[in-house]
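Below is one structure, written out as structure tokens; the observations come after it.
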Amino acid sequence: MAMLQIKNLSKSFGDLQVLRDINIEVEKGQVVVIIGPSGSGKSTMLRCLNLLETPSGGQILYQGDDITALGKKVTGYRKRVGMVFQRFNLFQLHTVLENVMMAPVQLNKMDKAAAREKALDLLGKVGMRDKAEAYPDTLSGGQQQRVAIARALAMDPEMLLFDEPTSALDPELVGDVLEVMKKLAREGMTMIVVTHEMGFAREVADRVIFMDEGYVVEDGSPDVIFTKPKNERTKAFLSRVLNK
Amino acid sequence: MTLYWQKTFSTLGPSLLQGIGVVVYVTVFGFLASLLISLVLAIGRMSKNRPLNRILVLFVELIRGTPLLVQFFYIYYVIPMLLDAFFLLFGVKTGIQIKPVTAGIIGFGINYGCYMSEVIRSAIVSIDPGQREAGLALGYSERQVLFKFIIPPALRNSIPVFGNYLVMMIKDTSLLAMISVQELLLRTKTFASQTFLTVEAYTLLALVYLVVSVPLSRVSVVLEKRIKHRRKS
């Protein structure tokens, strides 16, 4: 059984229908990259996956359980699924180290010393260990995003959601963040990534999904999507973004 | 006209020093009370409970729509009478009285609490929604997010405005003369009516207020700067 099954998912904001009949399955350990033009609904889709947006219809099954029916227990599900945001969203009044060790200590009752050890390890992994005592507003965007990834990893997530993690970064800072994400992919982390980084999609993704106007237009291996897409809209989009 | 500064200083001066003690006492406790009340009101206003919301809005409008001085009179004279009448219904004679200073603290707490709750509310609204989403995504509940990631930065951002309210409260303690609190104005008034040194007395009074409030406003300006440039250095 697939780890994550999205069935007939739809979402509207008032009269505006943003997602239409989305069906996606993600296997454990897969890296799925979602591409598509702005306004295609890809971020909304990702946000539905940990219920930051409430779906209007359909089901999302995580390891067989329908998460749209969790009610208050959604916090338990969210602890198992990490999220990385476009604007990093680090906690501004807390140091880098506190940002990373806070949730395990407060939510999983992890021992403070152990959480600190682990946080420092994770910060080492993303290359931010020497900034452990710094505050977020003193860091560059790329540094903040790497801390945000460490923060998500501190909860030992089974799956990570990335919502345009490099879109708010200066071009020269994008590489460091992508490096960290590639490392995670190699280690077998299940990842769903909304991004405009076609190079990353091509190199790292097991599957690429192209979305447009709220539909999943095409879903396949990066080779197929990037070299011989079947759909006209996919072709048009790719020729626009790849021939810039 | 001959002015008797020497006499004013030596007689009214020590009395005003005692008055400052009263002013500081009322302001410190009045301000703490208003902080607490404003926080409760701000959080209550954010709840999704409609009737509670309506009641709180009404209460804030009621307080903001009437003068502070009238509220002091109401708390000092009217509330004890109402409480008396209420307990009399159960056959209990209480003879409740509220000390002028206590009435002052309660009045400040409620009045300033209402104004400051609006400050906190707008500070809460202006916190980046990403902070909430990050907390939720980690597995915190809405309530935990509110108390850990929304209210602390909102309060921090409110500090400069709170500073202004503190200075205003110090000056507003002069209203308490009307309910017989022995603060600065009442002491000056008594002195002036006994000695007819009106010019000297009220001039000294104004100076005392200046000496107390100007440094405090300076402190709040410095605090504001420090918050803005926090850890950037």
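Filtering A:149, A:192 for residues that are assigned to a strand (DSSP E or B) and open to solvent by less than 20 Å² (accessible area, probe 1.4 Å) leaves a single hit, A:192.
Yes or no, residue by residue, for (1) open to solvent by 50 Å² or more (accessible area, probe 1.4 Å); (2) at pLDDT below 95:
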site	(1), (2)
B:143	yes, yes
B:158	no, yes
B:161	yes, yes
B:172	no, no
B:194	yes, yes
B:199	yes, yes
B:213	no, yes
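Among the residues of segment A:143-165, not a single one is acidic (Asp, Glu), over 20 Å from the mean Cα position of the chain (by Cα) and farther than 12 Å from residue B:138 by Cα. Within segment B:108-129, the set of residues being open to solvent by 60 Å² or more (accessible area, probe 1.4 Å) and under 30 Å from residue A:89 (Cα atoms) comprises B:121, B:122, B:125, B:126, B:128, B:129. Hey, any hits in segment B:91-107 for a residue that's surrounded by 20 or more Cβ atoms within 10 Å (Cβ to Cβ), outside any helix (DSSP H, G or I), free of Cβ contacts under 8 Å to residues at least 24 places away in the same chain and over 15 Å from the mean Cα position of the chain (by Cα)? For segment B:91-107, residues surrounded by 20 or more Cβ atoms within 10 Å (Cβ to Cβ), outside any helix (DSSP H, G or I), free of Cβ contacts under 8 Å to residues at least 24 places away in the same chain and over 15 Å from the mean Cα position of the chain (by Cα): absent. Test residue A:134 against the stated conditions and say whether it is within 9 Å of chain B (Cβ to nearest Cβ), in contact with a Gly (Cβ under 8 Å, 6 or more places away or on another chain) and under 26 Å from residue B:147 (Cα atoms). No. Cβ separations smaller than 7 Å between residues 6+ apart or across chains give the following pairs from segment B:184-197 residues that are more than 25 Å from residue B:25 (Cβ to Cβ) to residues that are open to solvent by 10 Å² or more (accessible area, probe 1.4 Å) and not hydrophobic (A, V, I, L, M, F, W, C): B:197/B:4; B:197/B:7. The set of residues in segment A:75-101 that are more than 8 Å from every other protein chain (Cβ to nearest Cβ), within 22 Å of residue B:151 (Cβ to Cβ) and open to solvent by 20 Å² or more (accessible area, probe 1.4 Å) comprises A:94, A:98, A:101. Go through the residues of segment A:53-67 one by one and say whether even a single one is buried (at least 19 other Cβ atoms within 10 Å of the Cβ) and without any contact (Cβ under 8 Å) to a residue 24 or more places away in the chain. Yes, because at least one residue in segment A:53-67 is buried (at least 19 other Cβ atoms within 10 Å of the Cβ) and without any contact (Cβ under 8 Å) to a residue 24 or more places away in the chain. Remark: residue B:204 falls outside the filter, which requires a residue to be closer than 19 Å to residue B:76 by Cβ and part of a helix (DSSP H, G or I).
Applying the set (1) open to solvent by less than 20 Å² (accessible area, probe 1.4 Å); (2) within 14 Å of another protein chain (Cβ to nearest Cβ) to residue B:132 leaves exactly one unmet item: (1). Considering (1) part of a helix (DSSP H, G or I); (2) modelled with pLDDT of 95 or more; (3) within 11 Å of chain A (Cβ to nearest Cβ), the lone condition that residue B:154 does not fulfil carries the number (2).
Starting from residues that are surrounded by fewer than 24 Cβ atoms within 10 Å (Cβ to Cβ) and under 21 Å from residue A:159 (Cβ atoms), keep the ones in segment A:105-124 and report whichever is farthest from the other protein chains (Cβ to nearest Cβ).
Filtering segment A:105-124 for residues that are surrounded by fewer than 24 Cβ atoms within 10 Å (Cβ to Cβ) and under 21 Å from residue A:159 (Cβ atoms), the one farthest from the other protein chains (Cβ to nearest Cβ) comes out as A:121.
Here the condition is being on the phi > 0 side of the Ramachandran plot and surrounded by fewer than 20 Cβ atoms within 10 Å (Cβ to Cβ); of A:127, A:141, A:175, it holds for A:127 alone.
Which ones in segment B:40-57 are open to solvent by less than 60 Å² (accessible area, probe 1.4 Å) and part of a loop (DSSP other than H, G, I, E, B)?
The one that is open to solvent by less than 60 Å² (accessible area, probe 1.4 Å) and part of a loop (DSSP other than H, G, I, E, B): B:47.
Restricting to segment A:204-244, what's the tally of residues that are among the β-branched types (Val, Ile, Thr), assigned to a helix (DSSP H, G or I) and either touching a residue at least 12 places away in the same chain (Cβ under 8 Å) or surrounded by 14 or more Cβ atoms within 10 Å (Cβ to Cβ) (or both)?
Qualifying residue count for the region: 5.
Scanning segment B:143-166 for residues that are more than 22 Å from the chain's Cα centre (by Cα) and not hydrophobic (A, V, I, L, M, F, W, C) yields a count of 3.
The values are calculated or read from the model by the stated rules, or taken from the named source; none is laboratory data. Everything numeric in this text was worked out from a predicted model, so none of it was measured. Here the Cβ is made from the backbone with ideal geometry for all residues, glycine too, and neighbour counts use every protein chain on show. The protein model used for the area step is the full one, side chains on, heavy atoms only, and it has no ligands, DNA or RNA in it. Shrake-Rupley method; radii C 1.70, N 1.55, O 1.52, S 1.80 Å.
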